[in-house]
Amino acid sequence: MTHILSKSTYLLGVQCKKALYLNKYHKDLKDEYTEDQKAIFAQGNKVGKLAQNLFPGGIDATPDTFYDYSKSLEQTKNAIGDGAPVIYEAAFQYNGVLCAVDILVRDGDRWNAYEVKSTTSVKDSHITDASLQYHVMKNCGIEINDISIVVIDNTYQKQGDIELEKLFKIQSVLSEVLQLQSSVKNNLFELKNVLSKREIPNELIGSKCSSPYHCS
């Protein structure tokens, strides 16, 4: 089951349409990841795994490979149907847009979604990220009770075993996400239109080339 946009490419396109287009059709021009970048990715994965212990006993729907989410989508669907209380890396796809949610927790007949970040505060890009997740899940028939960002509390001092409830801070971003839903629809329309063409978008160099993320 192929998709046009993922959560990461959506964020890329919101930052710069030219970067999105080049990432899709000219991957050979992309910078190689530096060792520092690889270390940051590895740290993020470790933090994500650790945060899963806030909601233990979940079904892990992590895909076997980054490029094939078909099994993950099926596992997520089955876990929901089987009444699983918690799902890790729950995957959803709607209208050509794919997203995975770090932690999805059942709350009666609704769900609470948690996106884990290895930062110490919630950033605007995290809310943009969550707004797309909400859009996809909602259109897949998932009733969302709340959606939150999980970050690290840098005031926590470890004494003995790690106390996860003190190491992590959970901040609801539901109100901000709801306010962004109309812009999500507009962004998706524009970004799909960009990718449907066979010409590189004309974008000027500016502050967006390094914020919120460094661009190749």
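The values are calculated or read from the model by the stated rules, or taken from the named source; none is laboratory data. Keep in mind that what you see is a predicted model, and the values were worked out from it rather than measured. Because the Cβ atoms are built from the backbone with ideal geometry, glycine has one as well, and the counts that use them run over all protein chains shown. For accessibility, only protein heavy atoms count, side chains too; no ligands or nucleic acids. Shrake-Rupley method; radii C 1.70, N 1.55, O 1.52, S 1.80 Å.
Listing for the model above:
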item	result
Linear extension gain, S210 paired with F66, 0.36 nm per residue minus alpha-carbon span	49.3 nm
Protein accessible area in the range 51-91, 1.4 Å probe - carbon and sulfur %	52
The range 112-187: C-alpha gyration tensor shape, a/c 1.5 cut-off, then a/b vs b/c	prolate
Prolate/oblate/rounded call for the range 175-216, Cα gyration tensor, a/c under 1.5 rounded	oblate
Cβ-defined net charge surrounding C16, 9 Å radius [Lys, Arg +1; Asp, Glu -1]	+2
The range 102-216 - percent relative contact order, Cα under 8 Å, separation 6 or more	24
Candidates per GluC sites (Glu not before Pro) in the range 22-127, loop by DSSP, up to 14 other Cβ within 10 Å	E32
Candidates Q159, Q179, Q75, ranked by Gaussian network fluctuation over the chain, Cα under 10 Å, top entry	Q159
The range 1-71-the range 85-146 distance, computed between alpha-carbon centres (Å)	15
Loop-resident sites, the range 123-202, for trypsin sites (Lys or Arg not before Pro), counting at most 16 other Cβ within 10 Å (DSSP)	K123, K158, K197, R198
Cα-based convex hull volume of the range 11-94 per residue, rounded to whole Å³	139
Helix-only mean residue ellipticity at 222 nm for the chain, each DSSP H run of n ≥ 4 adding -39500 (n - 2.57), per residue, nearest 500	-12500 deg cm²/dmol
Most mobile of V86, V194, V184 in a GNM of the chain (Cα contacts under 10 Å)	V194
Square roots of five times the Cα gyration tensor eigenvalues for the chain, Å	28, 22, 17
Cβ-based net charge around V173, under 12 Å, with every Lys or Arg adding one and every Asp or Glu removing one	-3
Cα-projected label distance for D28 with S125, points at 7 Å along beta-carbon direction, nm	2.8
Neighbour net charge for I200 - beta-carbon separation under 12 angstrom, K R +1, D E -1	+3
